[in-house]
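Notes follow the structure.
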Amino acid sequence: MRVSNIRYNGDCETYQILGGEAISIDLKSGDSVEIVDVEGDQKCSVLAFDSKKSSALSSLNWNTKPKNNSNKISSGDCSEMLKAILNGKKIKSKEFQAAELFSESSPADTRQSFNTNNDLLCVFDAEGGPMLVDQQNSPTEILINVSRSNPTIPSERLPEPLAKPTKEIRVKDSSAVAYKVKAGEYIQIIDVEGQQCSDFQAFLEEDLNNNLELCLDPTVTRSQMLASYPAPGTHDKFYNQNSVPLVEVIQDTVCRHDTFGLACNAKYYEDRGFPGHISCTDNFNSSLAEFGVAPRRNWAAVNLFFNTAIEECHSLSSDVSWSRPGDYVLLRAVDDLVCVSSACPDDTTSSNGWNPTYIHVRIYDKYNNFSSATAFRPDPQSIPTMTKETGFHKNTSKLTKNFDNYNGYWLPLEYTNLGAIKEYWQAREGVVMIDLAPLRKFEIYGQDSEVLMQYAITKDVRKLAIGQVVYSAMCYDNGCMIDDGTLFRLDDNNFRWIGGSDDGGKHLRKIAEDRGLDVRVKSSTDQLHNVAVQGPKSRETLSKIIWIPKLQTTIEDLKWFRFTIGRIGGEFGIPVMVSRTGYSGELGYEVFAHPKDCEAVWDAIAEAGEEFDICPLGLNALDMLRIEAGLIFAGYEFCDQTDPFEAGIAFTVPLKTKEDDFSGKESLILRKNSPQRVLVGLELDSNEVALHGDGVYIGKQQVGIITSATRSPILKKNIALCRISVSASEIDNEVEVGKLDGHHKRLSAKVVRFPFYDPEKTRVRM
């Protein structure tokens, strides 16, 4: 699900088509269109229709002749999305004329363009079906850049409705509008042009009818939700002064708002030298008067899209809003409400980008079913996508409601009637299943693929056999880490990189471009979802259900960091890839399948593991396991300011044996020769758990920082991973973990060997 598939850059409109999808765009005479094959090897069909619903490909003036400008598409062979678009536009025919762009050998960033002679409806289809686990033909995105002969003005650029609205409310700049909503109805508050704040307030209609003016209270909300402001998911409600929930946050594309400050008021402006300046408080008072609400000098409010932060010195800072054109917050009314929304008039600070603009409010019927989601952008300029559900979500959502947004997907934190401790012990003693679908997958193929990977990652790829997996770091030229991940060698010139970040794929493409390499790097995250099957009984569980061809390695014979291809359900069952890898410190495997097959894969594994009391495992228990095993996590043990030595994975940098150059090699040689910090294990002499970010001290001097910490169930100790000064890193060295301000409270600790549990990795090798 996407916020919108369109992004505005000045007068240029950019539309995104995900691989295997289609979109329609209304074009006017004189419009210019550019189609971009972002990652390469992605076919795209273009259909054009005039006002009579007839094919109008001849009205497209191509700057570069398409591969095939008269390709016929049978209505029976249309993709489901393309068929739905054509049916929705009431275009009915047994076959359609199409121009076929690009090919299976198109380089990344290949472009074709045309101009229009007439008003047309154009349909763009990014062709592609499900990718099998042993293939690399992942359908990938197409971008459509449209330059209008008569561009729309920014205030008219509303995103497509999420459903059919029951009411449209335009809040002009520097004004406010009060309105009623019924219980269950949805309120979509849209920042039309971007960087515009909108104060929001609400009352129970019943309370107002009884002369009770109890409004939404930010302080009560923060206290109830234990957060600066609610967000889609578990902590998602705004409350009034009596702790009665008023609205539920369903979707949020910005995730940066303010609940600490009041709505701007007359005194706010007067104190800054702007007497008589209109304020949100004034606008609230005038708008709410029709509902009998008494005016106030100060209004508490949810200041949507207002970019504020609490600084370390306890000051409240603000800056330009993070919101972009079309960004929104979607709320659901818990009861019958009277609401008010403003378009903040502040032009005296950067809060509205120095230019107050419109806010638009849409009301949707309660019978709609909008899923909880936040926007995910791989980079600031990306067209956002909303939080996705993995292929295993139908299975996991039956077992828990406790989900968190991880890397753009909903993943369980803990499972109902289990909990982290139970899940943990089942991993140590039996077998568990873990949804790890959000891991990023990239297909790398072409005659220079080995050259690319040999340079891009720290491990020696030339020594990697077909069917083998290697864990490696990926570094910038300065030696600091982009990501860590595993590289699968599928064939001589075929690889699959699995990491935690989209930045890995971008880095690979940049290297390929800079070095002129003949290689493709295609994202396949949406085509390959994986469930980790971990624990001492994992081999016995999978051996029951995985059918393996004669030429592939069986589950019983599969060695550590190897993979095999098989099927679940016999010779003609569900195709899967199984690797002997994991993130638990136990014997374990990962099973990869297409999302359409994931529900059946999960059920098959669950049934096979019943005799071992198999259970699902959430992120909270996984964190315990990986800390005990000394396994690192992005944003905790490493970031783009740490090198592999500082991150505790020096073994991924074979400086003595890898003769070929690789990204960051020269810097890593210098860093290894002059180390400043190193990752160590700490054992705390306290029942209080350390937290990520806690300082580590010797006397008054801070010598390190806690990266991760947990209470170890099996070791019965509080343990932590710590990045520490080399001078303080010796085993048994005594340090203190600082709490509060780092000095008012200290927890005694000592440096210990890590991994804490099974340091020789005998369990994963069993």
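Taken together, the values in this text are just the output of simple stated rules run on the coordinates, not laboratory data. Just so you know, these numbers come straight off a predicted model, no measurement behind them. FYI the Cβ positions are ideal-geometry reconstructions off the backbone, even for glycines, and counts take in every protein chain you see.
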Q) Can you give the extra length, in nm with one decimal, that the chain gains between Lys761 and Glu206 once fully stretched, where that is 0.36 nm per residue apart less the Cα-Cα distance? A) 193.4 nm
Q: List the GluC sites (Glu not before Pro) within region 556-626 that fall in a DSSP loop (any state other than H, G, I, E or B) and whose Cβ has at most 16 other Cβ atoms within 10 Å.
A: Glu556, Glu571
Q: Using label points projected 7 Å from each Cα along Cα→Cβ, tell me how many nm separate Ser397 and Glu80, to one decimal.
A: 1.5 nm
Q.
Cut-off 19 Å, label point 7 angstrom out along Cα-to-Cβ of Ile714: give me the residues of region 610-631 whose amide nitrogen falls inside.
A. 612-631
Q: Note down the magnitude of the dipole of region 6-148 about its Cα centre, charges +1 on Lys and Arg C-beta and -1 on Asp and Glu C-beta and zero elsewhere, to the nearest 20 debye.
A: 740 debye
Q: Would you indicate which of [x] 170, 82, 55; [y] 93, 78, 52; [z] 75, 73, 53 is the value of Cα extents along the principal axes in Å derived from the coordinates of this structure?
A: [z]
Q. In nanometres, what is the gap between the two model label sites at Cys313 and Lys700, each 7 Å from Cα along Cα-to-Cβ?
A. 2.1 nm
Q) Counting DSSP beta bridges in the chain, what percent are antiparallel, to the nearest 5? A) 95 percent
Q: Mind checking the full-extension length gain between Thr554 and Asn9? Use 0.36 nm per residue of separation minus the Cα-Cα distance, one decimal, nm.
A: 190.9 nm
Q) If you keep only loop residues by DSSP, which trypsin sites (Lys or Arg not before Pro) in region 610-685 have at most 10 other Cβ atoms within 10 Å of their Cβ? A) Lys656
Q: Starting from the Cα-Cα distance between Asp492 and Lys506, subtract it from 0.36 nm times their residue separation and give me the gain in nm to one decimal.
A: 2.8 nm
Q. Label points 7 Å out from Cα along the Cβ direction at Glu34 and Leu691: separation in nm?
A. 4.8 nm
Q) Per-residue HN-Hα couplings for region 245-256, Karplus 6.51 cos²θ - 1.76 cosθ + 1.60 at θ = phi - 60°, whole Hz, x for Gly and Pro? A) x, 10, 9, 10, 7, 9, 9, 8, 9, 10, 6, 8
(Q) Can you compute the FRET efficiency between Asp50 and Val320 using 1/(1 + (r/R0)^6), with r the Cβ-Cβ distance and R0 = 56 Å? Round to the nearest 0.05. (A) 0.80
Q.
If R₀ is 60 angstrom, what is the calculated FRET efficiency for the pair Lys267 and Asn117, using the beta carbon separation as r and rounding to 0.05?
A. 0.50
Q. What trypsin sites (Lys or Arg not before Pro) does region 698-732 have in DSSP loop regions with at most 13 other beta carbons within 10 Å?
A. Lys700, Lys716
Q) Efficiency by 1/(1 + (r/R0)^6): what FRET value for Ser103 and Lys180, r their Cβ-Cβ distance, R0 = 51 Å, to the nearest 0.05? A) 0.35
Q: Only residues of region 180-222 count here: report those whose backbone N is under 13 Å from the spot 7 Å along Cα→Cβ of Ser243, or say none.
A: 220-222
